[in-house]
1. Identify all residues within region 182-203 that are surrounded by fewer than 24 Cβ atoms within 10 Å (Cβ to Cβ) and either in contact with a helix residue (DSSP H, G or I) (Cβ under 9 Å, 6 or more places away or on another chain) or assigned to a strand (DSSP E or B) (or both); write none if there are none.
2. Which of the residues belonging to region 119-133 are buried (at least 20 other Cβ atoms within 10 Å of the Cβ) and in contact with a Pro (Cβ under 8 Å, 6 or more places away or on another chain)?
3. Would you check if G209 is of a type in the set (G, A, S), in contact with a Phe, Trp or Tyr (Cβ under 8 Å, 6 or more places away or on another chain) and closer than 18 Å to L50 by Cβ?
4. Wholly within region 119-181, which strands (runs of 3 or more DSSP E) include no fewer than the required count, namely at least 2 residues that are under 17 Å from Y218 (Cα atoms)?
5. Hey, among the residues in region 33-76 that are closer than 15 Å to R99 by Cα and small (G, A, S), which one's farthest from the chain's Cα centre (by Cα)?
6. I need the full set of residues from region 63-91 which are exposed (fewer than 13 other Cβ atoms within 10 Å of the Cβ) and touching a residue at least 12 places away in the same chain (Cβ under 8 Å), in order please.
7. Only one residue in S32, S59 is farther than 22 Å from P221 by Cβ and either touching a strand residue (DSSP E or B) at 6+ places or on another chain (Cβ under 8 Å) or touching a residue at least 60 places away in the same chain (Cβ under 8 Å) (or both). Which one?
8. Restricting to region 204-218, name every residue that is buried (at least 22 other Cβ atoms within 10 Å of the Cβ) and touching a residue at least 60 places away in the same chain (Cβ under 8 Å).
Amino acid sequence: MFLVPAALTILETIALQGPLHHVQGIDVEGESLWVSSVDRQQKKGYLFKLNRHTGRIVSQVEVQQGEKYHPGGLTLDGDNIWLPVAEYRRNSTAVIQLRDKRTLRLLRQFEVNDHIGCIAASNNRLYGGNWDTREIYEWNKNGKQLDQRANGTGTRYQDLKYIENRLIGGGLRAKGHGAIDFLDPKSLNLTRRIEFETTDRGVVFTNEGMTFRAGRFYLLPEDDPPRLFLLK
């Protein structure tokens, strides 16, 4: 049984072909789906590009750098993708990578003295959440830190997007419960919340990957075999 908000309907469920390991962040555009994931046993992080309709992998790259092998929530930004890759522990370090969305090639990166688990991009700023998004950072796109503020919503964002002048974060709350929150990026005040429960596998819908495009939510909560849920 799917426990989704009454205001939303599952339009489509797509089985992704793997293995994709422990999925993290997602974004979509047209027929393409990008997924970040981590293989903790092998200490490797991955960025995948898939066909959103068939669920088949089109291309993939490893993204780890030494002890930094945990990629987090990613975001599209024009022709590119922003992706954090962190050590797999709280209060650690990360790099924020800029990659070509077509080739997945690394273009440049900057270092952050914290574990960054999700990233969002506006026209001129980046917003990132640390482990469980207890803090939200702001940088310019050259990597200069502009701000750091506490997240007062109580939602542990796993994936974060900047869409239509709002920060939209998907994550976990109490056991068996999650939410997608809409935030004012200037104040970080909560302006809207959609609460979620679990898939028929008992996994909270907002457990991992989340994006919101063209009025539709895309959620990727489960590990192998993962399913992409499209809701409106």
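1. F182, L190, T191, R192, R193, I194, E195, T198
2. I119, Y127, G128
3. Taking the combined requirement at face value, the residue satisfies it.
4. In region 119-181, 156-163, 166-172 are the strands (runs of 3 or more DSSP E) which contain 2 or more residues that are under 17 Å from Y218 (Cα atoms).
5. This residue is S59.
6. D79, R89, N91
7. That would be S59, the only listed residue that is farther than 22 Å from P221 by Cβ and either touching a strand residue (DSSP E or B) at 6+ places or on another chain (Cβ under 8 Å) or touching a residue at least 60 places away in the same chain (Cβ under 8 Å) (or both).
8. F205, E208, G209, M210, T211, F217, Y218
The values are calculated or read from the model by the stated rules, or taken from the named source; none is laboratory data. The structure presented is a predicted model; accordingly, all values stated were derived computationally and were not measured. Here the Cβ is made from the backbone with ideal geometry for all residues, glycine too, and neighbour counts use every protein chain on show.
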